[in-house]
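Scroll down for the structure; my scribbles are underneath it.
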Amino acid sequence: MEATILLIVFTAFLAAALTVPAGFGLSTMLTPVVLLVLDPHEAVAVVAIVHGAHNYAKYFSLKEHVDFAAIKHYGIWLVFGAILGAVLQTQVPQRPLLLVIGIFLIILPILTLSENWSGYKIPEANDRIGGFGSGFMGGLSGHQGALRAMFLSRRLTNKMSFAATASVLALCVDLTRIPIYLYFRPEEIFEHAKLTGLLVLSALIGVRVGKKWLVKWKSNTIRNGIMVGIVASGIFYLYQALN
């Protein structure tokens, strides 16, 4: 068990560092390893708290680069989607929840690749769909970032602005869904307060490392690596759901 906890804590640090330049991926990388010790509903809630702390630290570190016009453009739809997704998350049984997450995580990278092959650009009018969908998936499973990045990266080409703005939008979802999780499952979440604290600390340290990587590394390289991780996580979730 101690080795498993160390693995989870290290994953939180690594995921937090990588997702500063990538703009997404913390929940995708961290949730599967947290599932080694927690049930799906509890894992999503614990990772949500870590995700919220991580995004606040990213915002504090990069706040001068935030594009507030994009925040206004996406924010309200993110919140609506997050409320609906978080309420459903507390009600959906564990196996269907894992199945939905797994299918979503496998399909999303394929859609991203098909856009690259076809050269198709998502119209501006569909941003509200992307905002709502990102918030909904964030509330339901915590996997909000990849869908949001597909839309946001087309509006914000500067990597510093993209990372900073993505952190604020993700924080909007986290501040919406965490109170809902706490309302429906307070005992299960507080039971794992010690593990949550360790993961939050690891994620905050990861932000400091990730900011250095943001300056030095190409975001596309990291995003492609995280896309591979997303598919692998999707396969893992499907395996868990079907067994």
note = With the first residue restricted to segment 72-97 and required to be within 16 Å of LEU152 (Cα to Cα) and touching a residue at least 60 places away in the same chain (Cβ under 8 Å), and the second required to be among the acidic types (Asp, Glu) and surrounded by 15 or more Cβ atoms within 10 Å (Cβ to Cβ), Cβ contacts under 8 Å at 6 or more apart or on different chains are HIS73/ASP127; TYR74/ASP127
remark   = Scanning segment 84-141 for residues that are within 19 Å of PRO40 (Cα to Cα) and aromatic (Phe, Trp, Tyr), the one modelled with the highest pLDDT turns out to be PHE136
note = Scanning segment 78-96 residue by residue, those over 17 Å from HIS143 (Cβ atoms) and either crowded, with 21+ Cβ neighbours inside 10 Å or of a type in the set (Phe, Trp, Tyr) (or both) turn out to be PHE80
task = List every residue pair whose Cβ atoms lie under 7 Å apart, where the two residues are 6 or more positions apart in sequence or sit on different chains, the first residue falls within segment 53-68 and is free of Cβ contacts under 8 Å to residues at least 60 places away in the same chain and over 17 Å from ASP174 (Cβ atoms), and the second residue, located anywhere, is of a type in the set (Asp, Glu) and not in a helix (DSSP H, G or I).
result = none
Pair list, Cβ < 7 Å and 6+ apart or interchain, from segment 10-23 residues that are in contact (Cβ under 8 Å) with a residue 60 or more places away in the chain and assigned to a helix (DSSP H, G or I) to residues that are basic (Lys, Arg) and crowded, with 23+ Cβ neighbours inside 10 Å = VAL20/LYS58
query = Of LEU198, LEU242, which residue is at pLDDT 90 or above and either at negative phi or out of contact with any helix residue (DSSP H, G or I) (no Cβ under 7 Å at 6 or more places or on another chain) (or both)?
reply = LEU198
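The values are calculated or read from the model by the stated rules, or taken from the named source; none is laboratory data. Quick caveat: nothing in here was measured; it's all calculated off a predicted structure. Positions of Cβ are backbone-derived with ideal geometry, glycine not excepted, and every protein chain shown enters the neighbour counts.
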